[in-house]
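Each remark here refers to the structure printed beneath this line.
The values are calculated or read from the model by the stated rules, or taken from the named source; none is laboratory data. None of the values given here were measured: they were computed from a predicted structure. Here the Cβ positions follow ideal geometry from the backbone for every residue, glycine too, while neighbour counts run over all protein chains shown. We work out accessible area using only protein heavy atoms, side chains counted, and drop any ligands, DNA or RNA first. Shrake-Rupley method; radii C 1.70, N 1.55, O 1.52, S 1.80 Å.
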Amino acid sequence: MVQVSFSPPTICLALLPGLRRLLPSLPPTVRDVDVPPLFRERYILSGYRPVGQSWRCYVLSLFQLHNETLNVWSHLLAALCIALRFLTFSVFQGGGLLGFRLQGPEGQGFSLDVSSMPLILYVCSSITYLTCSASAHLLQSHSERAHYSLFFLDYVGVAVYQYGCSLALYLYSSDSVWRQSTLGQIHIFLPASAFLAWLSCSACCYAKLRFQRSYPLHRKLCQVGPMGVAYLLDISPVIHRLSTQNWSSSPAMPLHLLQVVLFLLAAFFFSCPIPERFSPGRYDIIGHGHQLFHLLLSLCTLAQQEALYEDFLMRRPALIRMFGEERILLACVSFICLTLCCVMTVNHMSAQVVAQLKRGHR
């Protein structure tokens, strides 16, 4: 009978010390009383990572079970799904990649596809907010300055995503009746959406910097208020369409309804610390409200993406005729302007953080 050995190969034994150095054992998680108040969450009593470790420890904590693990993985996996789905859509349905057609007017080479540029920006904004959020939750325990800076970056991602949604929903998902209303005028809707996106970023940064633990109620209102108004404006073309058209008229309609329901549920769990409020300590690692918010928002974005793909395929042939290349390109440029405004706001807020921390350490 042939003897089978289950001992590890010699080369594996030789590599083990090196692997241990590359992947050091991480410090165990601690309770809320063992971290400064800035890093605590209400009703979450355990699963915190110690503050002040090396950056490598927090990067490797991606594979550790703590109270931020699901927050990080839910958004990382959603970002990966969005990127892969966009690639498959571009290759098999979209007719081109990154805003370019595979064939030019003479049948060869590449040509700029203006009609797909807002969709590209929407996908980029979705991946941006998901990766910024995942990075903030993964690395924020490094220090107080890192905590503030990373969540400011998270708020930039949220603002960019808000405007990316409004741009795509306006151009691909609105109907002509709604666009003839006062709110539906392109020179009113898009500037208002951009302003509210910037206001959401600024208000969240201000609330983060201004209010300390334990947070008062008006801190949450300062965050939720501008974001809620921005969402009502951004989703208004979809709400009008859902309320006036037959839901079987387009495969995008059920997906739009699904994304609205998922977003409202996500907003509920973002605003209310449920279920951990009723059983502190029980949902520290799995199941607390912010994790449910992340999961629902990720599913909302995936549903929204599919709805926009359906609308894009239906609207694409007539999009240039309806809006004109100049207007579409100008709307895309305004996306870049909004991003720069948010970055400048965050830079200003970060300088305030440095000054505040210096005063606190004196």
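Ranked by the mean number of other Cβ atoms within 10 Å per residue, highest first, peptides 315-322, 269-276, 113-120, 204-211 order as 113-120, 204-211, 269-276, 315-322.
Near GLY47, the amide H atoms lying under 5 Å from its own belong to VAL30; only residues 5 or more places off or on other chains count, and H is placed 1.01 Å from N.
Given +1 at the Cβ of Lys and Arg, -1 at the Cβ of Asp and Glu and no other charges, the dipole of the chain around its Cα centre is 1100 debye to the nearest 20. With contacts taken as Cα pairs under 8 Å and at least 6 residues apart, the chain reaches a relative contact order of 21 percent.
Taking the accessible area of region 212-362, probe 1.4 Å, and keeping the other protein chains in place, the carbon and sulfur fraction comes to 69%. Compactness ratio for the chain: Cα radius of gyration over 2.2 N^0.38 Å (N = residue count) comes to 1.13.
When N is the residue count of region 232-362, what does its C-alpha Rg come to as a fraction of 2.2 N^0.38 Å?
1.48
Computed over neighbours whose Cβ is under 12 Å from that of HIS294, the net charge equals -2, Lys and Arg +1, Asp and Glu -1. Largest accessible area first, the listed residues VAL91, VAL72 line up as VAL91, VAL72 when surface is computed with a 1.4 Å probe on the assembled protein chains. Each Lys and Arg Cβ is given +1 and each Asp and Glu Cβ -1; about its Cα centre, region 219-309 then shows a dipole of about 220 debye.
Per-residue 3J(HN,Hα) values for region 180-190, derived from phi via the Karplus relation 6.51 cos²θ - 1.76 cosθ + 1.60 with θ = phi - 60°, read 7, 6, 4, 5, x, 5, 4, 7, 10, 5, 5 Hz in sequence order (x marks Gly and Pro). Taking every C-alpha pair closer than 8 Å and separated by at least 6 residues, the mean separation divided by the residue count of region 184-245 gives a relative contact order of 44 percent. Diffusion coefficient (Stokes-Einstein, Kirkwood radius over C-alpha pairs, 4 °C, 1.567 mPa s) for region 226-295: 93 µm²/s, rounded to a whole number. Summing +1 for each Lys or Arg and -1 for each Asp or Glu among the other residues whose beta-carbon sits under 14 angstrom from that of SER350 gives +1. Considering all C-alpha pairs of region 176-235, those separated by over 17 Å amount to 46%. Basic side chains Lys and Arg get +1 at the Cβ, acidic Asp and Glu get -1 at the Cβ, and with that the dipole of region 152-279 about its Cα centre reaches some 400 debye. Run a plain Debye calculation on region 106-258 (Cα atoms as equal point scatterers, no solvent) and give log10 I(q)/I(0) at q = 0.08, 0.10, 0.13 Å⁻¹, rounded to two decimals, same order as the q list. For region 106-258 at q = 0.08, 0.10, 0.13 Å⁻¹, log10 I(q)/I(0) is -0.30, -0.46, -0.71.
Surface calculation, 1.4 Å probe, protein heavy atoms: PHE86 sits at approximately 20 Å² accessible.
Suppose a student asked you for the relative contact order of region 118-215, using Cα pairs under 8 Å spaced at least 6 residues apart; what percent would you report?
Relative contact order for region 118-215 comes out at 31 percent.
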